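Engineer: Have a look at the structure that comes next, please.
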Amino acid sequence: MDNSNGKVIKRFDKRTVIITGGARGLGASMVRGFVTEGANVVIADVLEREGLALADELGDKVIFSLLDVTSEKDWTATIAAAENTFGSISVLVNNAAIVHFEPIAETEPVAWRKVIDINLTGTYLGIRAVVPSMRKAGSGSIVNISAAAGMTGMWGAGAYVASKWGGRGLTKTAALELGQDNIRVNSIHPGAVRTHMASGLDTSGIAAPEVKDLAIPRIAEPDEITRLALFVASDEASFSTGSEFVADGGYLLGPAPVFGRTTAGNGKAIKQ
Ligand code: NAD
């Protein structure tokens, strides 16, 4: 965007942004995206080596804070590091998560609790930790990365699905409670994205079984989700709160039926 002096104003100029799970995958893509838009970014992750390397690569506008999202002590330290280095916090992206693939009847309680603790309780702790800073600043934007799986069932991923539905509910309640503080809270629901988390999937391309029946028959690249996160976090989305933003290639639509289609999405004709 240009102001009257012809100077380019970026969407997050000098704003402080914390991204959990920012050391790799979608989180790292969002770190790069926010920096490009002028933000000062805190990479908050348990992956110290990767997080420090990314912060080092991106220069003065980025710091790394060792954060386990389940630790209240780590949250206090991360908020303090962000405020002391860059000033009050404008944006929190609750992105850190793990996945566990096992049918519910076979899932041990310890595995269940770990997923809920990181994906859902970690998001709650993040909201709780950041609100005082945002209230002080007079505004804020919280983006919770849920999943398409937060809007439907998924065979063999009960704990993950429950955590992502939970994040969606938490988003709506936080939005109700924080609107009067000028803090918006929204959730993003990606389909399969090419990251470490999706490495169990066949991400080789449009023929991969997990994506071949989608309306858009491929996996997403991380920057396709990052662009949505930048919009949702920014003032461009100023009237959206408690909302669900889906970017799933049509996953929630169900499989695109073969009848009526003339190509398989790879230019090859379908035999009818
Ligand atoms: P990823 O495994 O590459 O990255 C997850 C990041 O979270 C890692 O950097 C990891 O170290 C961090 N993390 C894990 N536990 C943590 C903890 N206790 N404290 C702090 N950080 C922790 O996965 P990704 O695909 O980049 O996932 C990012 C988000 O996108 C997640 O919320 C995930 O559920 C969501 N998502 C991913 C996909 C997909 O197909 N990749 C689909 C839908 C939603």
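Engineer: Look through segment 40-52, keep the residues that are part of a helix (DSSP H, G or I) and buried (at least 16 other Cβ atoms within 10 Å of the Cβ), and return whichever of them is farthest from the ligand (Cβ to nearest atom).
Structural biologist: Among those residues, the one meeting the criterion is 52.
Engineer: While we're here: Assuming residue 189 fulfils every condition listed in (1) of a type outside the set (A, V, I, L, M); (2) touching a residue at least 12 places away in the same chain (Cβ under 8 Å); (3) part of a helix (DSSP H, G or I); (4) closer than 24 Å to residue 251 by Cα apart from one, which condition is it?
Structural biologist: Answer for residue 189: the failing condition is (3).
Engineer: May I pose another question? With respect to residue 121, is the statement that it is within 12 Å of the ligand (Cβ to nearest atom) and over 13 Å from residue 162 (Cα atoms) true?
Structural biologist: Answer is no for this residue.
Engineer: If a residue has to be in contact with a Gly (Cβ under 9 Å, 6 or more places away or on another chain), within 24 Å of residue 190 (Cα to Cα) and within 15 Å of the ligand (Cβ to nearest atom) to count, how many in segment 68-114 make the cut?
Structural biologist: 12
Engineer: If you don't mind, there's one more thing I want to ask. Does at least one position in segment 137-144 carry a residue that is within 12 Å of the ligand (Cβ to nearest atom) and either surrounded by fewer than 22 Cβ atoms within 10 Å (Cβ to Cβ) or within 19 Å of residue 191 (Cα to Cα) (or both)?
Structural biologist: Within segment 137-144, one or more residues are within 12 Å of the ligand (Cβ to nearest atom) and either surrounded by fewer than 22 Cβ atoms within 10 Å (Cβ to Cβ) or within 19 Å of residue 191 (Cα to Cα) (or both).
Engineer: Can you find a residue in segment 53-65 that is of a type in the set (Gly, Ala, Ser), open to solvent by 50 Å² or more (accessible area, probe 1.4 Å), out of contact with any Asp or Glu (no Cβ under 8 Å at 6 or more places or on another chain) and not in a loop (DSSP other than H, G, I, E, B)?
Structural biologist: Checked against the condition, which is being of a type in the set (Gly, Ala, Ser), open to solvent by 50 Å² or more (accessible area, probe 1.4 Å), out of contact with any Asp or Glu (no Cβ under 8 Å at 6 or more places or on another chain) and not in a loop (DSSP other than H, G, I, E, B), segment 53-65 yields at least one hit.
Engineer: Right, another one. In segment 17-39, is there at least one residue being open to solvent by 10 Å² or more (accessible area, probe 1.4 Å), more than 9 Å from the ligand (Cβ to nearest atom) and assigned to a strand (DSSP E or B)?
Structural biologist: No, segment 17-39 contains no residue that is open to solvent by 10 Å² or more (accessible area, probe 1.4 Å), more than 9 Å from the ligand (Cβ to nearest atom) and assigned to a strand (DSSP E or B).
The values are calculated or read from the model by the stated rules, or taken from the named source; none is laboratory data. Because the structure is a prediction, the values reported are computed rather than measured. Every residue, glycine as well, gets a Cβ built from its backbone with ideal geometry; the counts of neighbours run over all protein chains shown. Side chains are part of the model used for accessible areas, which takes the heavy atoms of the whole protein and leaves out ligands, DNA and RNA. Shrake-Rupley method; radii C 1.70, N 1.55, O 1.52, S 1.80 Å.
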